[in-house]
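The structure appears right after this line, and notes come after that.
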Amino acid sequence: MKNPGNTATLLDLPYAAEADALLDELERSGQFRIGAEAEVDDENDGAQVASNDYSWGRGSGSVVIQDWWTSKRVSVRVGPGIGPHDLVLARIDDSLLVRTSDGLDRVVLEGYLGLIPDASTLSIVFNDGSEWSGSALVSRVSSHVARQPEAPAS
């Protein structure tokens, strides 16, 4: 919420033409909203709860979810053929990795555990209706893998 007593001046710095075009496209597609209208829309939305539901299953390959923070909760809906005993959860830096035990299919929620370490806004819903969420989900994270730093260019 804005502080009405704040007397700071707003800097109106220009974007590079490429960045400006990208922001325009994101705003047109509804992925990003800017300006006074967006602020009014946010106030009017009030109690509405946005959600991101992702379907994931056999044959999905490697999926990276980066836009999860646009909602108040995230659900990963696991397709048929994958049960709770088939999944392995791991932490890679601040990201959450969910993969099949055979390693063929995986989904990564970029930065998720860095911002929401207790996974309180995430649920993994299985085809049979069972669900992992919150601390029960975090307790299943079996390892922490740090990304290797990139070698300096020579």
* Asked: Which strands (runs of 3 or more DSSP E) does segment 37-119 wholly contain that include 1 or more residues that are modelled with pLDDT under 85, in contact with a Ser or Thr (Cβ under 9 Å, 6 or more places away or on another chain) and not acidic (D, E)?
  -> 52-56
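Can you name every residue in segment 120-154 that is at pLDDT 85 or above and of a type in the set (S, T, N, Q)?
S120, T121, S123, N127, S130, S133, S135, S139
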* Structure fact -> Here the qualifying pairs (Cβ atoms under 7 Å; residues six or more apart or on different chains; first in segment 92-103 and aliphatic (A, V, I, L, M); second open to solvent by 50 Å² or more (accessible area, probe 1.4 Å)) come out as I92/V145; I92/R147; L97/R106; V98/R106
* To do: Would you mind stating whether V125 is touching a residue at least 24 places away in the same chain (Cβ under 8 Å) and crowded, with 19+ Cβ neighbours inside 10 Å?
  => no
* To do: Could you grab me the full set of residues in segment 77-122 that are open to solvent by less than 50 Å² (accessible area, probe 1.4 Å) and among the polar types (S, T, N, Q)?
  => S95, T100, T121
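The values are calculated or read from the model by the stated rules, or taken from the named source; none is laboratory data. Worth saying up front: this structure is predicted, and the values here are computed from it rather than measured. Cβ: placed from backbone, ideal geometry, glycine included. Neighbour counts: every protein chain shown. The area values use the complete protein model at the heavy-atom level, side chains included, leaving out ligands, DNA and RNA. Shrake-Rupley method; radii C 1.70, N 1.55, O 1.52, S 1.80 Å.
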